[in-house]
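Undergrad: To start, I am sharing the structure in question, which I have written as C-alpha cells.
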Amino acid sequence: MGAKTPISVDTMAKEKENGDGQVQVTVDLDAGALFVLKSRGSWWHCGYHLTTSIVAPSLLSLPFAFKMLGWVGGSVSLAFCGLVTFYAYHLLSLVLEHHAMNGSRLLRFRDMATNILGPKWGTFYVGPIQFGVCYGSVVAGILIGGQNMKYIYVLSNPEGTMKLYQFIIIFGSLILILAQIPSFHSLRHINLLSLTLSLAYSACVTVASLILGYSKNAPPKDYSVQGSAVGQLFNAFNGISVIATSYACGMVPEIQATLVAPVKGKMFKGLCLCYAVIAATFLSVGISGYWAFGNEAKGTVLTNFMGQNQLPSWLLIMTNAFCLLQVSAVTGVYLQPTNELFEKKLADPTKKQFSARNIVPRLISRSLTVIIATIFSSMLPFFGDLMGLIGALGFIPLDFIMPMVFYNATFKPSKRTFIFWINSVIVAISSVLAAIGGVAAIRQIVLDAKEYRLFANV
C-alpha cells in the first residue's frame, strides 16, 4: 500500500522532454532527482535560481579585490571573469541540451562528468569538489548571516554584550527551517525575492559609498597597489580568486534540471536575466566601494561602513537587513546539491515524497547538515580566508575549466576551429589561476593564522 511502481523509460522520456517521442532515457530517476530536482520550472524560475546562486553578499568583497588589483587590474578581472563565466555556463547548457535530445537528460554535475569523461571523474573529482564548494558556501552563508545580525544588534544597541557565535546560532536556526523546503523548484518565489533584495542592498551600498566618498571628512583616497613585488603578485592572484568566486555558481546542471521539458533555449534566457542583475550589482558595488575607500577597503565593504558618523543608522540597518534576508535564500540554494545527494541515498523513490518513510530521513539528514554547518561557522569566524582557497581549488575548476572540457569532449570541434582554441586557452589560463590562487590563499591563511581563535567575536 502506498508504493509507486518504478518510473518507466517512456514515462521519464515524456516527463523529461515533454512528449518528444524520439527521446529515450536509459535509467530510472533516483529519489534525489525525483524529489529535489523536480523538472517543473520556467526560464524565469531558472533565472531566479541562477541569480541567487551568484549574486550573493560575497559581492560586497569586490572593493577589497580591487584594492589588491588596482583600478586597471580590478576592472579587467571583473569583466574577464564575467565574460568567461557567462560563456562557460552557456556551453554547459548546450552540452546538457545535446544529451537531453540524444536520449539522456543529465541532471547533476557528477552525472555530466560520469557520462562524458568516465565514472571516476564523477565519483572522485567533480562530485567531491562540488560537495565541498556547496557545503562550504552553506557554512560561509550562515557566518555572513550571523555577522549581519550582529551588525544590526550593534547599531541598535551599542552597549550590547551578545557575541558573534550567538547570532550565528540564531541564524542557523532560521536556515534549519528553510532547509526543510522540499525541492529546488519550491524556492522559486523565495529566489525572486532574493533577486530583488540583491538589487536593494547593492543600491544601499552604492549610496552609502557615495555619501562617504563625497563627505567633507573623507580621508585622502590612495589607489596604489601596496606591498613588495612578491606580495603584490600573490595579492593579485588572491584578488582574482575573490572575483572568480563572486561569479561562481557550481550547480548549473542542477539548476537546469529544474526546467520543464523541452529545455532548449531556456537556460540562455535565464542566464541573460541573471547577468543583467550581475552587471547592475557587481559594477555599482565594486566601483563605488573602491572609489570611496581605496586602499582602506576591508574584506567586506560593510565593515568600512561601521562606525561612520556620516551615515544614518537607518541606512546601515536597512542594508544589513536586506543582506541578512538575501543570504538566507542563498544558503537555501546551496543546500540543494547536499539535499539531493543525501536524499538519493536515504529516500525510497517507490514511496511518495511525503510518506513517513521519506519524511523522517529527510528531516534528520537536512537538520544534521545545517547543525554541523552552524557549528563550523561558530568555530571558524575567519572562514573568509578558507573560502579563498575553496574558490581557487573548487569554483574555478567547476565553473572555468570543466564546461570547456565537457564541450570539447562532447562536440569534438576540430583543432582548426576558433572555439576549440578559445576553450583550450581558457582551460590553460584558469588552471594556472587555480594553482597560483590556491598557493596565494594558503599563504594568506598562514599569515593570518596568528590571529585565528575558535569562537572569536569578530
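The values are calculated or read from the model by the stated rules, or taken from the named source; none is laboratory data. What you are looking at is a predicted structure, and each value in this text was computed from that prediction instead of being measured. As a convention, Cβ positions derive from the backbone with ideal geometry for all residues, glycine included, and neighbour counts pool all protein chains shown. The protein model used for the area step is the full one, side chains on, heavy atoms only, and it has no ligands, DNA or RNA in it. Shrake-Rupley method; radii C 1.70, N 1.55, O 1.52, S 1.80 Å.
Undergrad: Going through Thr161, Thr196 one at a time, which residue ends up being more than 18 Å from Leu302 (Cβ to Cβ), out of contact with any His (no Cβ under 9 Å at 6 or more places or on another chain) and assigned to a loop (DSSP other than H, G, I, E, B)?
TA: Just one listed residue meets the conditions, Thr161.
Undergrad: Follow-up question, since we're still on this one. If you take the residues of the stretch 169-181 that are open to solvent by 30 Å² or more (accessible area, probe 1.4 Å) and in a loop (DSSP other than H, G, I, E, B), which of them is nearest to Thr369 (Cα to Cα)?
TA: Gln180
Undergrad: With without any contact (Cβ under 8 Å) to a residue 12 or more places away in the chain, open to solvent by 10 Å² or more (accessible area, probe 1.4 Å) and part of a helix (DSSP H, G or I) as the only criterion, which of Ala276, Ala236 stands out?
TA: When all the criteria are applied, what remains is Ala276.
Undergrad: For the stretch 34-119, please list each of the helices (runs of 4 or more DSSP H) lying entirely inside it that holds at least 1 residues being under 19 Å from Ser284 (Cβ atoms) and out of contact with any helix residue (DSSP H, G or I) (no Cβ under 9 Å at 6 or more places or on another chain). Walk me through how you get there before you give the answer.
TA: Numbers: elements: 43-54, 62-101, 109-117.
So the answer is 62-101.
Undergrad: Could I ask something else about it? I'd like to check something: does the stretch 339-354 contain any residue that is open to solvent by less than 60 Å² (accessible area, probe 1.4 Å), outside any helix (DSSP H, G or I), in contact with a Leu (Cβ under 7 Å, 6 or more places away or on another chain) and at pLDDT below 95?
TA: Yes, some residue in the stretch 339-354 is open to solvent by less than 60 Å² (accessible area, probe 1.4 Å), outside any helix (DSSP H, G or I), in contact with a Leu (Cβ under 7 Å, 6 or more places away or on another chain) and at pLDDT below 95.
Undergrad: Scan the stretch 188-205 and give yes if some residue there is touching a strand residue (DSSP E or B) at 6+ places or on another chain (Cβ under 9 Å) and modelled with pLDDT of 95 or more, otherwise no.
TA: As a first pass, look at the stretch 188-205 and keep what is touching a strand residue (DSSP E or B) at 6+ places or on another chain (Cβ under 9 Å): 188.
Then drop every residue that is not modelled with pLDDT of 95 or more, which leaves 188.
The answer is yes; a qualifying residue exists.
Undergrad: Any residue at all in the stretch 360-381 that is more than 26 Å from Ile181 (Cβ to Cβ), open to solvent by less than 60 Å² (accessible area, probe 1.4 Å) and either part of a loop (DSSP other than H, G, I, E, B) or of a type in the set (Phe, Trp, Tyr) (or both)?
TA: yes
Undergrad: Got at least one residue in the stretch 134-144 being free of Cβ contacts under 8 Å to residues at least 40 places away in the same chain and open to solvent by 40 Å² or more (accessible area, probe 1.4 Å)?
TA: Filtering the stretch 134-144 down to residues free of Cβ contacts under 8 Å to residues at least 40 places away in the same chain leaves none.
No: the stretch 134-144 contains no residue that is free of Cβ contacts under 8 Å to residues at least 40 places away in the same chain and open to solvent by 40 Å² or more (accessible area, probe 1.4 Å).
Undergrad: Separate question: Quick check on my filter: what residues within the stretch 239-263 are more than 19 Å from Ala65 (Cβ to Cβ) and open to solvent by 10 Å² or more (accessible area, probe 1.4 Å)?
TA: Val260, Pro262
Undergrad: Sticking with this structure for a sec: Please go through the stretch 156-168 and give me each residue that is open to solvent by 40 Å² or more (accessible area, probe 1.4 Å) and of a type outside the set (S, T, N, Q), ordered by number.
TA: Pro158, Glu159, Met162, Lys163, Tyr165
Undergrad: Limited to the stretch 254-277, what total is found for residues that are at pLDDT 95 or above and over 12 Å from His45 (Cα atoms)?
TA: The number of residues fulfilling the criteria is 6.
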